[in-house]
Amino acid sequence: MFAITAASMLAVVGLLYSFGLILAQRRSLQTAADAASLSGAWTIVRELASDDRADSSVLGAVVQLATTNGADQANVSAVYVDATGAQVSVVGGGGTFPVEARGVRVGVKSQVPTVLPAFLGVWQVLVQGSATAVAAPTAAPSSASLVLPIAASASAYAAHGTYDLFGHALPAGQPPTLNLATSGAPSFGPAATNEQYWSDGQHAGTWLLTVPRTVGLADGAYFDAIATGLHDNVRRQGLMDASGAAYALVTVPMYDTASSSNVHVIGFAQLKIRGADITPTSARGTFVNYPAAAFGVPIVPSPDLGAVVVRLAS
């Protein structure tokens, strides 16, 4: 009777203790999957902003956060997903990831040995965890600093579409150059000086442009002054893309309607612009996504100006 009872008791003890180990490992793996997927999604946002879309950067971010949180690198897998959560390709394939990628789904697994396996009849149990993080569309910020003194039409926005800041006149034919002083921006004297300083990424101080609001137009194009400021902006940011080209990420006010004296700004978009693409007659860049906030409620804004918030989807 003692032998039978002892065996039963040992089996129960082994089962309970093993169950505790399995739950602890499950929590650890889920934490690793959550952290790795969030890190991968934020890296995707940064890679989309530079337009490099380097798969190696995303893979490195996923592996680093997964292993830091206790996962074994050999048991970490990840795939790219679009904004709906549908798989588009595998992380780790090399080269560039698809332009429609907006997040990653990370899977981790581990074999957990049991306690008193001879009594339980099970030597180890496979434990798995998975998480999906995506950069979901959300509304553009209601205010921004260091905005360019030149407006773009909200209807012209297209994710990763090219846009020439100097190549699109307003509906009435005048240049889209803004006089930000009418909205409270600091003034530095002549109009040309203002346009240059507002474009160089350092002279805004604590001023913010809040939207929606009506912003007055400048009395001329001043494209040469803006180009000078943009070149200084590129130099100051010190960013370099995968092709070795210096670039800057700039915030552009987006308008929905315009008159002969002002534009109605409704939001902001981010433009990647290379120094080599800036001249007194042309400033061609690429619209890229930008993180609106670390936390927030995902929505489908209208218009969608490329703002995203990274969140755990599952």
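The values are calculated or read from the model by the stated rules, or taken from the named source; none is laboratory data. What you see is a predicted model, and the numbers here were worked out from it, not measured in a lab. Backbone-built Cβ (ideal geometry, glycine too); neighbour counts: all protein chains shown.
Right, T31: loosely packed, with under 13 Cβ neighbours inside 10 Å and either assigned to a loop (DSSP other than H, G, I, E, B) or at pLDDT below 95 (or both) or not?
no
Hey, could you check the range 140-157 for residues that are at pLDDT 95 or above and assigned to a loop (DSSP other than H, G, I, E, B) and say which is farthest from H264 (Cα to Cα)?
L148
Restricted to the range 74-92, and to residues that are under 19 Å from V309 (Cα atoms) and in contact with a Ser or Thr (Cβ under 9 Å, 6 or more places away or on another chain), which residue is modelled with the lowest pLDDT?
Ranking the qualifying residues of the range 74-92, first place goes to G85.
I'd like to check something: does the range 221-243 contain any residue that is touching a residue at least 12 places away in the same chain (Cβ under 8 Å), closer than 30 Å to R53 by Cα and assigned to a loop (DSSP other than H, G, I, E, B)?
yes
Take residues that are farther than 29 Å from R236 by Cβ and touching a residue at least 12 places away in the same chain (Cβ under 8 Å) and tell me which of the strands (runs of 3 or more DSSP E) falling wholly in the range 272-314 contain 2 or more.
Once the strands (runs of 3 or more DSSP E) in the range 272-314 are filtered for at least 2 residues that are farther than 29 Å from R236 by Cβ and touching a residue at least 12 places away in the same chain (Cβ under 8 Å), what remains is 307-312.
Among the residues of the range 93-139, how many are surrounded by 17 or more Cβ atoms within 10 Å (Cβ to Cβ), at pLDDT 85 or above and out of contact with any Pro (no Cβ under 7 Å at 6 or more places or on another chain)?
17
Taking the range 171-183, which residues are surrounded by 12 or more Cβ atoms within 10 Å (Cβ to Cβ) and in a loop (DSSP other than H, G, I, E, B)?
Across the range 171-183, the qualifying residues are Q174, P175, P176, N179.
Which one of H160, H203, H168 is in contact (Cβ under 8 Å) with a residue 12 or more places away in the chain, closer than 19 Å to A144 by Cβ, within 29 Å of the chain's Cα centre (by Cα) and part of a loop (DSSP other than H, G, I, E, B)?
Checking each option against the conditions leaves just H203.
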